[in-house]
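Engineer: The structure under discussion is supplied below as structure tokens; questions concerning it will follow.
The values are calculated or read from the model by the stated rules, or taken from the named source; none is laboratory data. Computed from a prediction, not measured in an experiment: that's the story for all the values here. No Cβ is skipped: glycine too gets one built from the backbone with ideal geometry, and neighbour counts run over all protein chains shown. The protein model used for the area step is the full one, side chains on, heavy atoms only, and it has no ligands, DNA or RNA in it. Shrake-Rupley method; radii C 1.70, N 1.55, O 1.52, S 1.80 Å.
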Amino acid sequence: MNTSKKQLIQQFREEKYGIQQDGTVSPAFRRIFADLTNAVEQLSTGLYEKDVHFLMELIQNAEDNQYAQGTEPQLKFVLLDNDPTHTPNSDGCLCVFNNEIGFQQVNIESISGVGQSTKKKYDGYIGEKGIGFKSVGNL
């Protein structure tokens, strides 16, 4: 049976970070989840001092994406009053749309860790530290 990308992401969230279907962290993962969240926040605060840096990070991520041959890259930002994912304590959502080829399993695993970027300097990518996606996600 073929697992959808959404199911694969949920599986990673549950197995690696203990994030349950309802968005809460399971009791067994709360301490390590807090430690990892604090570590990424401390690291990203040191690297990204300006409040608007997250916009540059999102644009950089689009720049680093892969596109089908002959496709002109496009990037779109949409600000919603409500969060379509129903994340607890969220009062809105910034949706980012990009016409890249899409995540593969290796990309999903990469963004689930710190310092595990699939992007390397020698490939011509801008970002390769493995925290940018997490720094945007922690806003």
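Engineer: Restricted to region 89-131, and to residues that are aromatic (Phe, Trp, Tyr) and open to solvent by less than 80 Å² (accessible area, probe 1.4 Å), which residue is modelled with the lowest pLDDT?
Structural biologist: If we take residues in region 89-131 being aromatic (Phe, Trp, Tyr) and open to solvent by less than 80 Å² (accessible area, probe 1.4 Å), then TYR125 is modelled with the lowest pLDDT.
Engineer: Considering region 72-84 alone, what residues qualify as being in contact with a strand residue (DSSP E or B) (Cβ under 9 Å, 6 or more places away or on another chain) and open to solvent by 100 Å² or more (accessible area, probe 1.4 Å)?
Structural biologist: GLN74, LYS76, LEU79, ASP81, ASN82
Engineer: If we keep just the residues of region 26-54 that are among the charged types (D, E, K, R) and modelled with pLDDT of 70 or more, which is farthest from GLU14 (Cα to Cα)?
Structural biologist: GLU41
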